[in-house]
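Colleague: Have a look at this one before I ask anything.
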Amino acid sequence: LAGLFMLPAPMNATTPDELEENRARLLTYVLRRQIENHFSNKAIDDNLSQAAFHLYIKQLDYQKRLLLAAEVEQLEVFADRIDDEVQSGRVVLAPQAFRLLDNSIVRAEKMVEKVLAEPFDFTVAESYETDPEKLAFCTTESELAERWRVDLKYRTLSRYLNLLEDAEVGDPVKISAELRQEKELEARDKVRKQYHQYFERLKKETLKDHYDRYLNAFARAFDPHTTYMAPQSKEDFDISMRGSLEGIGATLREEDGYIKVVRIIPGSASAREGRLRAEDIILAVAESDGEPVEITDMRLRDAVRLIRGPKGTEVRLTVRKPDGIKDIIAITRDVVQIEETFVKYAVLEDQDTKFGYIRIPSFYRDFEKSRNGEGRNSTKDTRNAIMELRNKGIEGIILDLRNNGGGSLV
């Protein structure tokens, strides 16, 4: 079940929290009406509420490294109230969890900084449980700090061993104490950077994100394959299903608070324009001659939303090159085909024997265009591949479905 609704701003809402509260009220109403006829025939009652609550807590803190047991207990009073909240449209659990998690993130960040300030002693043997399902929530802050310490030691040790291997030191017994100290410090710095980025992502979550997480937990309580999708998730889902989008054709990532270009898709608008390159950092985004919007320290998905846009429109990117030079690059958006989404085929020959090879990475379909019999889909592309291969005199076909995560059932 995909949720994608254009919501008018309520006239009587005066704060962002009130806007999100009204948005959640409308969405719970629409979601409830849509899901009442779910094939599972589950009633919206206390049993469903408890299932939704446990799914929500898992989404909130799956690793059990942020919330304390007492804080989870504060939320457990809502375990049998989610059905009532959805029926009434007054969601209380999500904003309360948002406030608790916000405080717990600051606490965990301080714990991580304290632990990583000192070197680890890798000569001391310790155990580490990697399965969160086997862990309970910590009852005290000291217990939580110890859980973080062991986790960070494990991650630092993994990095440390990789760094020693990369250094090609030969016999590990002959590694000098100075080199061990240097690589241990380097490993801690890498783990510190990793968790700094992790906490920054968490701190950028909004109340809207928590309402969306709440609605998703409610939908998944009916069935593991029933999901509420927020607008951004729905857009990403549609892109993955049809294998195309309207934008500039660049793969991006968030790094140290900056949005960096990872790859330019061949044949895309960016590739044709020619000046945007991998390793460039995008500092600001503007629509044509509009005012630039700074995207430093912005979440990647929010930056991508600004950069994407309808085919034929212009976006102007303020870019910093690896040599420090700044440039403003104007790109006219176009349709970007994500070729790795689509069916690929080839002929494999072994002496006098020919076999066809077809790889189906996903079961894709352009739902919008398919209504008119247009648009690509995996069924049509696979059929065409089989016909092409048969014309080449093959004796059989190898169908490769490895890493195919599923997709359209029609």
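The values are calculated or read from the model by the stated rules, or taken from the named source; none is laboratory data. Everything numeric in this text was worked out from a predicted model, so none of it was measured. Note that we place each Cβ from the backbone using ideal geometry, even for glycine, and neighbour counts take in every protein chain shown. For accessibility, only protein heavy atoms count, side chains too; no ligands or nucleic acids. Shrake-Rupley method; radii C 1.70, N 1.55, O 1.52, S 1.80 Å.
Colleague: Just tell me which lysines come within less than 21 Å, Cα to Cα, of Lys134; anything on the same chain fewer than 8 places away is out.
Modeller: Filter leaves Lys58, Lys64, Lys153.
Colleague: So for the pair Lys321, Tyr128, with labels modelled 7 Å out along Cα→Cβ, what separation do we get in nm?
Modeller: So the two model labels end up 4.3 nm from each other.
Colleague: Please list 3J(HN,Hα) in residue order for segment 72-89, calculated via the Karplus relation 6.51 cos²θ - 1.76 cosθ + 1.60 where θ = phi - 60°; whole Hz, with x for glycine and proline.
Modeller: Per residue, the Karplus-derived 3J(HN,Hα) values read 5, 5, 4, 7, 5, 5, 8, 4, 10, 10, 4, 4, 5, 5, 5, 5, 8, x Hz.
Colleague: Give, in nm to one decimal, the length gained when the segment between Gln59 and Thr226 is fully stretched (0.36 nm per residue of separation minus the Cα-Cα distance).
Modeller: On the way: separation 167, 0.36 × 167 = 60.12 nm, distance 1.54 nm.
This chain segment gains 58.6 nm when fully extended.
Colleague: Right, here's the next one. With every protein chain left in place, what is the accessible area of Ile82 in Å² (1.4 Å probe, nearest 10)?
Modeller: 0 Å²
Colleague: With a cut-off of 8 Å between alpha carbons and a minimum separation of six or more residues, what is the relative contact order of segment 112-256 in percent? List each step's numbers first, then the result.
Modeller: Numbers: 59 pairs, mean separation 30.4, N = 145.
Here the relative contact order equals 21 percent.
Colleague: Also, I was wondering about something else. Starting from 0.36 nm per residue, how many nanometres of slack lie between Lys190 and Glu294 once their C-alpha separation is accounted for?
Modeller: That works out to 34.7 nm of additional length.
Colleague: Something else now. What does the extension gain come out to for Lys392 and Glu178, with contour length at 0.36 nm per residue minus their alpha carbon separation?
Modeller: Here the answer is 70.7 nm.
Colleague: What are the aspartates and glutamates whose alpha-carbon lies under 20 Å from the alpha-carbon of Lys380, with same-chain residues fewer than 8 places away excluded?
Modeller: Correct list for Lys380: Asp238, Glu339, Glu340, Asp366, Glu368, Glu388, Asp400.
Colleague: Averaging sequence separations of C-alpha pairs under 8 Å and six or more residues apart, then dividing by the length of segment 343-410, give the relative contact order as a whole percent.
Modeller: Worked out over segment 343-410, it gives 43 percent.
Colleague: A follow-up question, please. Would you please name the trypsin sites (Lys or Arg not before Pro) within segment 360-405 that are DSSP coil residues with at most 14 other C-beta atoms within 10 Å of their C-beta?
Modeller: For trypsin sites (Lys or Arg not before Pro) across segment 360-405 that sit outside H, G, I, E and B with at most 14 neighbouring Cβ atoms in 10 Å, the list reads Arg371, Lys392, Arg402.
Colleague: How far apart, in nm, are two points set 7 Å out from the Cα along the Cα-to-Cβ line at Glu273 and at Lys203?
Modeller: 3.1 nm
Colleague: Can you pull the one-decimal nm distance between simple spin-label points at Glu340 and Asp45, each 7 Å off the Cα toward Cβ?
Modeller: If labels sit at Glu340 and Asp45, their model points lie 4.8 nm apart.
Colleague: Next question. Please list the non-local residues whose amide H lies under 5 Å from the amide H of Val293, H modeled 1.01 Å from N, same-chain partners needing a gap of 5 or more.
Modeller: Val285, Ala286
Colleague: Quote the relative contact order of the chain in percent (integer), defining contacts as alpha-carbon pairs under 8 Å separated by 6+ residues. Walk me through the intermediate numbers first.
Modeller: Values: 574 pairs, mean separation 53.4, N = 410.
It comes to 13 percent, rounded to a whole number.
Colleague: Using the Cβ atoms and a cut-off under 14 Å, what net charge is assigned to the surroundings of Arg365, where Lys and Arg are +1 and Asp and Glu are -1? The partial results should precede the final answer.
Modeller: Details: positive: Arg242, Lys369, Arg371, Arg376, Lys380, Arg383; negative: Asp238, Asp366, Glu368, Glu374, Asp381.
Neighbour charge sum, excluding Arg365 itself: +1.
Colleague: Which value, in Å², gives the accessible area per residue of the chain when a 1.4 Å probe is used on the protein heavy atoms?
Modeller: I get 57 Å² per residue for this part.
Colleague: In whole percent, and with a 1.4 Å probe on the protein chains, what portion of the accessible area of segment 33-188 is carbon and sulfur?
Modeller: Of all accessible area on segment 33-188, carbon and sulfur atoms account for 49 percent.
Colleague: Collect residues whose amide H, placed 1.01 Å from N in the peptide plane, falls under 5 Å from the amide H of Asp366; neighbours closer than 5 in sequence don't count.
Modeller: Arg376
Colleague: In whole Hz, what ³J(HN,Hα) sequence does segment 325-332 give by Karplus (6.51, -1.76, 1.60; θ = phi - 60°), x for Gly and Pro?
Modeller: 6, 9, 8, 10, 10, 9, 10, 8
Colleague: Would you grab the residues whose amide H sits under 5 Å from the one on Arg263? Only those 5+ places off in sequence or on another chain, please, with H modelled 1.01 Å from N.
Modeller: Thr251
Colleague: What ³J(HN,Hα) values, in whole Hz, does the Karplus curve 6.51 cos²θ - 1.76 cosθ + 1.60 give for segment 286-293 when θ = phi - 60°, with x put for Gly and Pro?
Modeller: Whole-Hz 3J(HN,Hα) from phi for segment 286-293: 9, 7, 6, 9, x, 6, x, 10.
Colleague: Using Cα extents along the principal axes in Å as the read-out, say which of (i) 69, 68, 53; (ii) 162, 77, 35; (iii) 70, 48, 42 was calculated from these coordinates.
Modeller: Checking each listed value against the structure points to (i).
Colleague: Within the chain, which is the longest segment containing none of the chymotrypsin sites (Phe, Trp or Tyr not before Pro) that sit in a DSSP loop and have at most 13 other Cβ atoms within 10 Å? Mind dumping the intermediate values first?
Modeller: Details: sites that count: Phe5, Phe39, Tyr62, Tyr128.
The longest such stretch corresponds to 129-410.
Colleague: Next up: Based on the Cβ-Cβ distance from Gln74 to Ser158, what FRET efficiency comes out when R0 is 30 Å, to the nearest 0.05?
Modeller: The value I calculate is 0.30.
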